[in-house]
1. For residues that are surrounded by 14 or more Cβ atoms within 10 Å (Cβ to Cβ), at pLDDT 95 or above and within 24 Å of Met303 (Cα to Cα), tally how many sit in segment 384-409.
2. Output yes when any residue across segment 250-259 is among the polar types (S, T, N, Q), buried (at least 16 other Cβ atoms within 10 Å of the Cβ), touching a strand residue (DSSP E or B) at 6+ places or on another chain (Cβ under 7 Å) and under 29 Å from His288 (Cα atoms), and no when none is.
3. For segment 58-67, check the following and say yes or no: at least one residue is surrounded by 15 or more Cβ atoms within 10 Å (Cβ to Cβ), closer than 14 Å to Ala287 by Cβ and either free of Cβ contacts under 8 Å to residues at least 40 places away in the same chain or aromatic (Phe, Trp, Tyr) (or both).
4. Scan segment 18-34 for residues that are within 22 Å of Ala223 (Cβ to Cβ) and either touching a residue at least 24 places away in the same chain (Cβ under 8 Å) or touching a helix residue (DSSP H, G or I) at 6+ places or on another chain (Cβ under 8 Å) (or both) and jot them down.
5. I need every pair where a residue in segment 260-276 that is outside the structural domain of Arg127 (by TED's automatic domain parsing) has its Cβ under 7 Å from the Cβ of a residue that is at pLDDT below 95 and among the polar types (S, T, N, Q), sequence separation at least 6 or different chains.
6. Have a look at Gly207, Gly192 and point out the one that is more than 17 Å from Phe167 (Cβ to Cβ) and within 20 Å of the chain's Cα centre (by Cα).
7. Restricting to helices (runs of 4 or more DSSP H) lying wholly in segment 1-119: which have 3 or more residues that are under 17 Å from the mean Cα position of the chain (by Cα) and not aromatic (Phe, Trp, Tyr)?
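The values are calculated or read from the model by the stated rules, or taken from the named source; none is laboratory data. Source: prediction; values computed, not measured. Glycine also receives a Cβ, built like all others from the backbone with ideal geometry; neighbour counts cover every protein chain displayed.
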Amino acid sequence: MIKTGAEHLKTLRDGRRVLIDGGDAGDVTVHPAFRNACTTVGELYDFQARPENRDLMTYEVEGTGTRANRIWQLPKSYEELVERRRALESWAGVHCGFLGRSPDHVASCISGMYMGLDVFEAYDKDRAGALADYYRYARDNELYLTYVIINPQADRSKGAHEQKSEFLTAGVVDQDAEGLTIRGAKMLATAGIMANEVFVTCIQPLGKGEEPYALSFAIPMNAKGLKILSRKSYEADARSVYDNPLASRFDENDAVLYFDDVKVPWERVFINQDTEMCGKQFHATPAHVYQNYQAQVRLMVKMRFLTGLARRIADVNGVSNFPQVRETLGSIAAECGMIDALVHAMEAKGFHYGPYFVPDRHTLYTAAVLSQQLYPQVITKLRDLAGGGLIMLPSSVADFGNEEMADLIGKTQQSPAASSEGRVKFFKLAWDAIGSEFASRHTQYEMFYSGATFVTKNHSFRTFDWERSAGMVDSMLDGYSLEGELNRFNQAAE
């Protein structure tokens, strides 16, 4: 059975503790801070459940005769990788790329870890077995996973074990025959309010003395002792879909998780207090590549939306034929095309990791480095195109219900390409995409979801084929010599 939206919403009514605005949220599917975003996620599952999307969104699980969402597919060829990407691309189209941690993101990470099961078996066969079982459990139950893989910032000049509080960062406080007891905090549980379970680990390098924090495990969002501290809800402040068409429906939320002596059973533990293995789970397996590949597919869809927004801004303002405007639009279109080309290139240049087909690592990290720089630049270009049109807008949709105000809107909101109502509606959308608090969060998110810029640039450094480039330099240098040039000079002089 393929999960529907109603079925997913039912799984969220599980007694999880979400803390916001001074109290407990209760049922997140009806709370005004989260209900519309939960409904949007439900629409993703309804999309995959449509009969016409069966082959697009699902695949037959080998040896079982059952079908699963392609987010769990383990491609064994270029063609299968492209099939999987088309599913991810179509899903991202439902939200135009504004759900940064939609269900396909962490599923891609866990799938990549499963592809590297040999790395886990070399580490600990029991932990490898736990990972394999969990991959199958998450796939067969269509779990929506989020993750927390970053430690609280606090004093960033010090390691997790050097902070004022020993358990500022989530770590092992006890261990027994049943499993681990975890105490402390982790960030950043984007979309955690709407997810079924959370994958907890650390992607930051850990050193000697930080073993208690070197963990990898998964637990339900309603686990006893797990507290979800939500940030401010942009959805709660969105007056209406008309005034905030994105914030009102696509605010996936972000949260800090606090583990108040949470018990994690051994069958959910993949790494236990091993700093080296924490890094290997991402970079010695395809996990880091697959999760960031998904992110670039999503960004590709989002860039198409922003490029369409740019052209519409120019049309509504009647400036599409201005040479300088066409230059800006051409630049944005080229940047959109660059992300699209890089996604297709990392597929075409992919390689086999055992039986599995994996996107090209360096092309992926090229995209990560460039897109971090690109996104805020594109937003600035859109702001330049829009000018004062973004802020010269009626206060709310209610203004149209007042005859006098509606008449004034008709007189002051004019466009060669839209009615006054159409102009206001469009610029409300544009503002929510590039200027609102919701939009500002997205700019910050796109700049850092792959990691700090020095981290992504280091990934690019370590995966580039320096030997090939150095070989070209050496070949050029070997084509001439000092002795040969001196002899030629002397002969010419005679």
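1. Result for segment 384-409: 2.
2. Filtering segment 250-259 down to residues among the polar types (S, T, N, Q) leaves 253.
Imposing the further condition that a residue be buried (at least 16 other Cβ atoms within 10 Å of the Cβ) reduces the set to 253.
Still in the list and also touching a strand residue (DSSP E or B) at 6+ places or on another chain (Cβ under 7 Å): 253.
Checking the rest, the ones that are also under 29 Å from His288 (Cα atoms) come to 253.
Yes, segment 250-259 contains at least one residue that is among the polar types (S, T, N, Q), buried (at least 16 other Cβ atoms within 10 Å of the Cβ), touching a strand residue (DSSP E or B) at 6+ places or on another chain (Cβ under 7 Å) and under 29 Å from His288 (Cα atoms).
3. Scanning segment 58-67 turns up no residue that is surrounded by 15 or more Cβ atoms within 10 Å (Cβ to Cβ), closer than 14 Å to Ala287 by Cβ and either free of Cβ contacts under 8 Å to residues at least 40 places away in the same chain or aromatic (Phe, Trp, Tyr) (or both).
4. Scanning segment 18-34 gives Val18, Leu19, Ile20, Ala25, Val28, Thr29, Ala33, Phe34.
5. none
6. Values: Gly207 fails: within 20 Å of the chain's Cα centre (by Cα).
Going through Gly207, Gly192 in turn, just one is more than 17 Å from Phe167 (Cβ to Cβ) and within 20 Å of the chain's Cα centre (by Cα): Gly192.
7. Values: elements: 5-11, 35-49, 54-57, 78-95, 103-115.
Hits in segment 1-119: 35-49, 78-95, 103-115.
Residue by residue, here is whether (1) assigned by TED's automatic domain parsing to the domain that holds Gln291; (2) modelled with pLDDT of 95 or more; (3) charged (D, E, K, R) holds:
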{"site": "Ser420", "(1), (2), (3)": "yes, yes, no"}
{"site": "Arg423", "(1), (2), (3)": "yes, yes, yes"}
{"site": "Phe426", "(1), (2), (3)": "yes, yes, no"}
{"site": "Trp431", "(1), (2), (3)": "yes, yes, no"}
{"site": "Ser436", "(1), (2), (3)": "yes, yes, no"}
{"site": "Lys457", "(1), (2), (3)": "yes, yes, yes"}
{"site": "Asp465", "(1), (2), (3)": "yes, yes, yes"}
{"site": "Leu482", "(1), (2), (3)": "no, no, no"}
{"site": "Asn490", "(1), (2), (3)": "no, no, no"}
